[in-house]
Structure formats: C-alpha cells, structure tokens
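Here the structure comes first, spelled out in structure tokens, and everything after it is commentary.
Values in this text are rule-based calculations from the coordinates and carry no lab data. Computed from a predicted model, the values in this text were never measured in an experiment. A quick note on method: Cβ atoms are made from the backbone with ideal geometry, for glycine too, and the neighbour counts reach across all protein chains shown.
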Amino acid sequence: MASVTVFMVAEKPSLAESITKILAPNGQYQTRKSYTSVHEYNGQFRNQNARFKFTSVTELSNRTCIQSHNNWDATDPLELFTAPTLKLEANSKQHITKHLQNESRGADYVVLWLDCDREGENICFEVVDNVFNSMKEPQKTKESRILRAKFSAITHTDIRKAMDNLIYPNKNESLAVDARQELDLKIGCAFTRFQTRFFQGKYGNLDAAVISYGPCQTPTLSFCVSRHDQIQSFSPEPFWSVAVTVARKDNQNKNKDKEETVLHWKRERVFDRQIARIFESTVKEANEAIVISVKSERKTKSRPHALNTVELLKHGSSALGIGPHDVMSIAERLYMQGYISYPRTETTSYPKNFDLNAVLRMQQNHGIWGSYASELLENGVHKPSGGVDVGDHPPITPMRKAEEGDLSGDTWRVYSYVTRHFLGSISPDMRYIRTTAIVKINNEIFECSGSRVDRAGFTSILYSRTLSDTFIPEYKEGERLDITDVKLTEGLTHPPDYLTESEVIGLMEKHGIGTDASIPVHINNICQRNYVKVEGNARRLVPTNLEKIDPDLSLPTMRSDVEKQLNYIALGQAKFKDVLDHSLKLFSAKFKYFTDKIGQMDELFEATFSVIAETGKIMSRCGKCRRPERLHCKTCDETYSLPQNGSIKPYKELKCPLDDFELVLFSIGSDGMGYPMCPYCYNYPPFENISKGIVFALHAQ
C-alpha cells in the first residue's frame, strides 16, 4: 500500500504535543528538536499508510508598513492611508518560515490545527503561503490537500472527531482579519505619528506613551471618559426623606428591639426642605400606623445561560478581582492543558447534541462539588432555556476534573468558576417568596419587604448569586402598629461611580467594540499606556488627563460600524477591497480634520502640562512618577548620581526593563564610545555582588 506524508501544524508547541499524544497509535511517537519541536509517528490517513509530522509556529508574522514609510521624519502620516503594507516574519531569529518550508518538503497533505477563530483562519493561510511550494507536486486540487481541523476542546473525543471531519480553511474569515490588521495599522500609525511628532519635546512633564491612538482602544477609553465627564459635571442636590420605625402592639413591651421594623417612604425623597417638614409633621401627628395590605409572591431567579467569554471576563474582574487580560491568559492555559473547552466563544446555548451528563460524570467524584454533580445526575439536569448559538464554538465548560491541589492560585479560582457555572447552568432555578406590607400613616404610605428562599437551586453551587433571607414580622391586613420613631433624614444626590472593568466589557460587547479575543487586549492597552488607572477592589477605571478633538473618533459607534463591515467580509457578503477602501477613505478624512483642529488638543495640554521652558530640557524620565526632570526628580525629591568625566544625553526614549527608568547615553570625549545606562540601576544595582557604578555596562547591548 502506498504511503503518504501528512504535515500538521498547531500554533503553540504544547498544543502540538497534546494532540500528538491523542492521535498517535497507543500514544507512541518520537520527538526531535528543530526551531520548534517536531513530533513524528506512523498511522493511517484516509485508508493509506501515513507518516505524520506535527510541529508549531508560535508567532508567525506581523503586518507592518513598507520600508520606505517606516521613517517617521521622512513620511507624511497622511500617506500611510494609501501606502501598501506587508507581512514580515514576527521573529526572524526563530526561523519559523524556514522551519515550515523544510519540514513540509515532500508532504502530500497539510492539516492545520490552529485556533478555531478568525485569527486562527488567518494563520492557516499564512502557513499555507509558506508550505505549499514545498509540498509534493500536486496530483490533486489545493482544496483537497490543505485541510483544516475544527475543534473546541483538547479531548480524545473532540480531537478524533476533528481528524475525521477535515475541511478547507475559511478564506473569507482570513480576509476579514487581513482587513482589520491593515486598518488598525494604518489608522493607529497615522494618528500616533502625527500626535507624537507634534507634542514631542513641547511639554516637559508629558509622558510620550500617552499620545497614541488606536481604533479600538480609543472608543474603549471613551466609555471611561464619558463617565468621568458625568462625574466632574455633576452638581449634588440636597434631599430629605421621612424615616419611620414601628412595632407590633402585642409585643410592645416584650422583645421590642426584635419586633421593630423600619418602614420605607413610598415618596422616597423630596428636594424641598419645607415640604419635607410638612410631611414629617403629618406623620408625627398620627397615633398609630395601619397595615392596609400584605402580599406574598412566589418569584423565580433563573439559572444562568451557558458561559461565554464576555461573561467569564466580567465575573473574573467583578467577583474574582482578576483583570480581563489575566483571566484570558489563565483560561487559555487551562484550555491548552485540557481542563476547559475553548475559551473564546460568544455562544451561550448548549448545542442540541451536547452531552451534559458526560461532563457531569467527569465531576461526580470531585472532592468539593462531586456530591452536587451526582445529585444532578440522579435527579436529572435542567437544560437552560434561552441563550444564543452564534455558531462559533460551544460554551465554555470543564473538560477534565481538577482538584484544588492540582491547580494553584488564580488558575484554580478561574477553573472553579467555570465548573461551578456549568453546574449552575443545568441546575433548577432558585425559588423564593417575597412578602410586602403596605402601611398607612395619616395618608402617607410606607412599606417594608422581606424575602425567604424556598429552593436554593443553582445558587447552592454559584454562591455569588445567592439571595439572603430578610425577615419582616407576619403582619396581618388591618393590624395597627405603634409608631416608635419618626425622623427627617437629609442626604445629597451623588454622581455615578467610575465604570468597572466588568461594566466596560459589557459596553464593548453591546457596541461591538473588538471581539471576544481582543476585548481583554484593548482594556489592557489603555491601562498599560496610562490612559486609565485601575482603582479599588471593584477594579474601577479612572481616566488620567486627556480629552478629544473629534468626538466621532472616540465614539463607539464608529468602530462598531467598522466591525460590522468586517463581519460582512467574513460571511462572504462584502468584498475585502471594497470594505478596506471605504473605511480608509472615512478615517483619512477624519485624520485631515484632526490635524486641522490639533490646536484644540494643544490648548488642553498647555493647561494640563508644563512647557519645556518651565521644566528644563528633558534628560531622563523618572520611573516612579514618570516625570522627566533632568536627573533629579522634583516629584519624588530624589537625585541620581552619574559617571564622572563624560557627557550625558537622551537615548531614544528607551526604558530599562527592570525599573521603567528611561535610559541615557554616557560617552567620554567627542569620539568616545557611548554606553546606554539606567540612572536607577547605576545607583541601586539590581543584582547581588555588583558594585555601584558598574551596572551601566549591562545596558550597552
């Protein structure tokens, strides 16, 4: 029987090895070292003997401007909108392109195991571009030799099913990514270059890192700035409310404290003090209160939909206190290790053929929730109603049992939530009884309410959604109550709080800013670039000093429209070139308007930052406060000594990776060799057994 060679490619080395272990007969394979490891084994492929070779690409390529447009000083940023771009090897030192070409030489088939999202489809075609000419001379069509595996979990069942149902990669989804990459590159570079060149060297205490522009990061930031504006423009108003405490007559002298109940005024509050005093007097004139109605209602709190990426990110930030970027990194590791299914999905509904019981059986011996899983198996699952099936990937579910000792720290907390959410989503709804008593005092209406959980349902496993019991006395209609206290309370209206990460994620999803994969990146970008600071346990995003010239550039609707156009490409409903040309024309016009109105931004900066003449010539930026005040930082009130008998000048605005201080260039004489050095490392050596003053040589690479 003829033998064929099958060359298989994953993105990450660990994924390539995990899939090899599943597919290789009896898990037997050989591994040899190359630029990335290559796993080999013999088996069967389409009823033929086959030699399989499995490797990975890590990061294959990046889109960039052509060489002639890489010089900031020699290129008008406006030209970037019409200039061609190209993809270059992401890390030429890794030689991934050469590796793919060598290993695919003579292959009959290529099977692509890249992530099953649009970015993964794009990498598929990058791999194809690198390997196709190295394969055997075609005896079949390209579509029959280039194959794509679609999978959502690293399990034997999913991987073998994917291997049995190979398809051709989706070119339209790849083109949508190409369009987005080119748009983001050109728009981001044009605005960032113009702003940076305009303001660089103009203000002494302006951090150059905060004048970039990104077509996704800026609308994301606009949510935070809009809330900041609401807070700053808010004018508090005083208000007054009547607070009443009552007690049952039968127990007025027995256990009085336990029987007292605080009533809530139905008017809630009034904004006129004199009117409030009239209401207070009316209530005080009454001798007693009368219960005019008591109503008990059975209510239901529905079990959650199946878990998707956005809900995972929101819960991670709001309940676990973990930023979305870190949550996504943890989830991806758990997926690669086979603990959970693919973590990037918009779907919140389990497929009809999804085996819920199989996932439950995997958890029934768990040390923490095993008995709960067993109970669900015994009593039957409650498949959640509603939810949406976007058609990308199934919801996020546990795929392998892990005890607390198997995982550590935040990794365990994320896994625990994924599992608990799954269990909760197939549990009964929570049922509770809510009782409301309406009380009348001299024609003023008050009320009190209490709740009692009748069936805990899914909240037995999802503690964050638990409803606590709140009791009120068992009042009867017509019952008369003693009034034990009446007082007029005063308060001030207050502005809304700053948005939490969780709230921003929800707004991004609502307005179509980014994708489930890129949302954490955009939020991380505005934090890393010092546009916002994350404050408090609630992880609220508080903007730093900034404004906007053209509101459209930061409105979420503009990016949302672009995302819709990109989606049309992915669905085959619009042509790549048409969408790209239309969007570039739109942003090019916005860029021209922006440059014409840059004076408005300059006025804001002038009111916020200090001009160079007031702060002195920039020499190096302090890594603690980020303000460039020569080599003495007035903000921190610290001075950093330097090598003697030489000259110091700024060095490319590069930063020391150890402490974030900007490097300076030290040189001796006009023809002397220059050494980049870090002022902080020079004064405070970061490594043991190194004397002060020697460390600067470490930065000379």
Completion exercise
Gyration tensor on Cα atoms of the range 108-162, a ≥ b ≥ c root eigenvalues, a/c under 1.5 rounded, else prolate if a/b beats b/c, else oblate, says oblate
Fill in the blank from the handout: Where a ≥ b ≥ c are root eigenvalues of the Cα gyration tensor, a/c under 1.5 meaning rounded, otherwise prolate if a/b exceeds b/c and oblate otherwise, the range 3-169 counts as prolate
Problem - Base-10 log of normalised Debye intensity for the range 47-144 (one unit scatterer per alpha-carbon) at q = 0.17, 0.18, 0.19 Å⁻¹ - result: -0.87, -0.93, -0.99
Practice task
List CYS448, CYS124 from most exposed to least, where exposure is judged by having the fewest other Cβ atoms within 10 Å.
Solution key: CYS448, CYS124
Completion exercise
Ranked output for segments 127-135, 88-96 by mean other Cβ atoms within 10 Å, highest leading, reads 127-135, 88-96
Practice task
Specify the angular offset, from 0 to 90 degrees and rounded to the nearest 10, of the alpha carbon long axis of helix 501-511 from the longest principal axis of the alpha carbons in the chain.
Solution key: 70 degrees
Fill in the blank from the handout: The relative contact order of the chain, taking Cα pairs under 8 Å that sit 6 or more residues apart, comes to a percentage of 14 percent
Handout entry: Qualifying GluC sites (Glu not before Pro) for the range 252-342 [loop in DSSP, other Cβ within 10 Å: at most 10]
Key = GLU268, GLU285
Fill in the blank from the handout: Quick calc: nm separation of the 7 Å Cα→Cβ label points for LYS476 and ILE290 -> 1.7 nm
Completion exercise
Summing +1 per Lys or Arg and -1 per Asp or Glu among the other residues with Cβ less than 14 Å from GLY106's Cβ gives +1
Problem - Nearest 10 degrees, 0 to 90: helix 217-233 Cα axis against the chain principal axis - result: 30 degrees
Exercise for the section: Could you tell me how many degrees, from 0 to 90 and to the nearest 10, lie between the Cα long axis of helix 598-608 and the main elongation axis, the longest principal axis, of the Cα atoms of the chain? Expected result: 60 degrees
Completion exercise
Taking a crude spin-label model, label points 7 Å out from Cα along the C-beta direction, the LEU86 to ASN26 distance in nm is 5.1 nm
Exercise for the section: Would you calculate, for the chain, the mean residue ellipticity at 222 nm contributed by helices, counting each DSSP H stretch of 4 or more residues as -39,500 (n - 2.57) and dividing by all residues, to the nearest 500? Expected result: -10500 deg cm²/dmol
Exercise for the section: Let me know the shape class of the range 309-425, please: from the alpha-carbon gyration tensor, a ≥ b ≥ c as square roots of the eigenvalues, rounded when a/c is under 1.5, otherwise prolate if a/b is greater than b/c, or oblate. Expected result: oblate
Exercise for the section: Starting with the highest mean, order 181-188, 351-358 by the number of other Cβ atoms within 10 Å, averaged over the residues of each peptide. Expected result: 181-188, 351-358
Problem - Proximal charge balance of SER349 [Cβ under 14 Å; K/R count +1, D/E count -1] - result: -1
Fill in the blank from the handout: Net charge near ALA83 (other residues with Cβ under 11 Å of its Cβ; Lys, Arg +1; Asp, Glu -1) is -2
